[in-house]
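Engineer: Here it is: the structure, laid out below.
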């Protein structure tokens, strides 16, 4: 396998970023895996930023919407994921604002109902604990779901 020119790598990374939103961290890791030198990595990243192929705010918003609306993740798990992508706290807040409050509550209710149907005695304290653990694993905080689960 021969070495690629910086221009070839730029085009490759344009396609990589156009396919789906990417974080700076993902792009940097991809470029390192291609064996590029730090100066060349910086050059390609600056090009991608200038041509709007790479946009951290757009990535964060897309990530938050996707993880919530397609995977039913709660805000805590989304925050954790964005931090792993080294997204700044201000952008994380903007990204979370993409999630509608009513949709968030409806998703919690949907997940409670879904889990409850899988449990034999769905209204026992033990069942509610299992549901609470499930919601926690999905990234929901206790104060976000406790009133729906325990005040019934």
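Engineer: Relative to the longest principal axis of the C-alpha atoms of the chain, give the angle of the C-alpha long axis of helix 6-19, reported between 0 and 90° and rounded to the nearest 10°.
Structural biologist: Relative to the chain, helix 6-19 is tipped by roughly 20 degrees.
Engineer: For the chain, find the longest principal axis of its Cα atoms and tell me its angle to the long axis of helix 75-84, 0 to 90°, nearest 10.
Structural biologist: In the chain, helix 75-84 runs at an angle near 20 degrees to the longest axis.
Engineer: May I pose another question? On a 0 to 90 degree scale, rounded to 10, what angle separates helix 56-71 from the longest Cα axis of the chain?
Structural biologist: On a 0 to 90 degree scale, this one is about 40.
Engineer: What value, in deg cm²/dmol to 500, does the helix sum -39500 (n - 2.57) over DSSP H runs of n ≥ 4 give at 222 nm once divided by the residues of the chain?
Structural biologist: -23000 deg cm²/dmol
Engineer: Let me have the relative contact order for the chain, percent, based on Cα pairs under 8 Å that are six or more residues apart.
Structural biologist: 21 percent
Engineer: Still on this structure, I have one more. Given that just one value was derived from the coordinates, which of [x] 57, 38, 29; [y] 46, 35, 25; [z] 64, 31, 21 is Cα extents along the principal axes in Å?
Structural biologist: Checked against the structure: label [z].
Engineer: Compute the length gained on full extension between residue 101 and residue 51: take 0.36 nm times their separation in residues and subtract their Cα-Cα distance, giving the result in nm to one decimal.
Structural biologist: Extra length available between residue 101 and residue 51 comes to 14.6 nm.
We did not get these values from a lab; they are worked out from the coordinates using the rules stated. For clarity, every value in this text was computed on a predicted model and none was experimentally measured.
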